[in-house]
1. Using the alpha-carbon centroid of each, what span in Å lies between region 85-126 and region 49-66?
2. Please arrange THR138, THR9, THR67 by accessible surface area, largest first, computed with a 1.4 Å probe and ligands excluded.
3. Using only Cα atoms, tell me the angle between helix 14-23 and the longest principal axis of the chain; keep it within 0 to 90° and round to the nearest 10.
4. With the dipole of region 102-285 worked out from charges on the C-beta (+1 for Lys and Arg, -1 for Asp and Glu) around the Cα centre, which of ALA253, PHE155, LEU112 lies farthest toward the positive end?
5. With axes computed from alpha carbons, what is the tilt in degrees of helix 37-46 against the longest principal axis of the chain, rounded to the nearest 10 within 0 to 90?
6. Say the dipole of region 102-285 comes from +1 at the beta carbon of Lys and Arg and -1 at that of Asp and Glu; which of ALA187, GLY171, VAL244 then lies farthest toward its positive end?
7. Within the chain, count lysine pairs with alpha carbon atoms under 16 angstrom apart where the residues are 8 or more positions apart or belong to different chains.
8. Determine the calculated [θ] at 222 nm for the chain from helices alone, applying -39500 (n - 2.57) to every DSSP H run no shorter than 4 residues and normalising by the residue count; nearest 500 deg cm²/dmol.
Amino acid sequence: MAAPRVLLTRRWPQPVERAMQERFDTVLNEGDRPLSQAELASAMGEFDVLCPTVSDRIDAAVIAGGTRTKIIANYGVGFDHIDVHAAKATAIAVTNTPGVLTDATADLAMTLLLMAARRAGEGERELRAGQWSGWRPTHLLGSSLKGKTLGLVAFGRIGIATARRAHHGFGMKIAYYARREADEAVARELDATFHPDLHGLLAASDFVSLHVPGSSETANLIDAAALSAMKPGSYLINTARGGVVDHAALAEALRSGHLAGAGLDVYPAEPQVPPELLGLESVVLLPHLGSATAETRTAMGEKAMSNVVAWAEGRDLPDRVA
Ligand code: 8YV
């Protein structure tokens, strides 16, 4: 039987592209440009396997574009860019890559937290602009982390990994909002306080870090009311999905000084960045770098590939989400 035809919609790290090419009839997106909706739709008729990323919108119209694709093996853990209901309705399996990007994303949440707290972006911009007038006791004072409360919105793999870094590495107190209480061992290890109510957590935290998946349920979870429930002078960190935050309300909370700062890695309509944020010194803006280490991006490719191999061999899919 001919090897299944596989499309990688974007370039992957070389070792995993090569592994895919050895095992499958794999087509690469040589120019690494985002595919159009029409190109994605026609791929559904040309490939057995589609391996998209967060930069592809696999909506119902794309899924209706052809009947050849049997599995969508997403390169990434979040899959809110894929219409899983439409996939399910046409018996297309969907898989993701959980676990392998936990540490990299938690590291990036701490990068944003530290950059916002210590005004690192502001300082770098000042220096590069040739406007640093020299050391002085009151120059760019930020906030300490030790003894401050970090509130995690959702306490899954990445939320817990972020809490571990903040607690064991920086002496922060840990609080979290989640649907249910964490395992006793984790709660004890982190001395973590559970808040069953989101606004209760927001009011109790000096720093808030978001770790909910993107979905219609979490859209605008951090709206104007949530932002005003946050402590005056606190910070918001988002490595989850842009749609979770109302950015107009966030810009206003930063402008008014209610929030001391924010650190964002994700945006509602990437690669567009809400323009009202671009002129604000107190927000750190990164271009969706959560999982961007060579090791992690290779491991993500391996994980996506393990799902495609399982499918090709007729086995249960290890990371099936639909
Ligand atoms: C990935 C992410 O790089 O995995 C995720 O959900 O947000 C990123 O870290 C991206 O999704 C790749 O598709």
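1. So the separation of the two Cα centres works out to 21 Å.
2. Details: THR138 105, THR9 0, THR67 125 Å².
If we order THR138, THR9, THR67 from most to least accessible, we get THR67, THR138, THR9.
3. 20 degrees
4. Projecting each Cα onto the dipole axis, the largest value belongs to LEU112.
5. 40 degrees
6. Toward the positive end, the furthest listed residue is GLY171.
7. Values: LYS70/LYS88; LYS146/LYS173; LYS148/LYS173; LYS148/LYS231; LYS173/LYS231.
Lysine pairs, 8 or more places apart or on different chains, close enough: 5.
8. On the way: 13 runs with 115 residues, N = 322.
Helix contribution divided over all residues of the chain: -10000 deg cm²/dmol.
The values are calculated or read from the model by the stated rules, or taken from the named source; none is laboratory data. Model, not experiment: these values are computed from the prediction. Quick reminder, even Gly has a Cβ in these numbers, built from the backbone with ideal geometry, and neighbours come from all protein chains shown. Heads up: the accessible areas ignore ligands, DNA and RNA and are worked out on the full protein's heavy atoms, side chains in. Shrake-Rupley method; radii C 1.70, N 1.55, O 1.52, S 1.80 Å.
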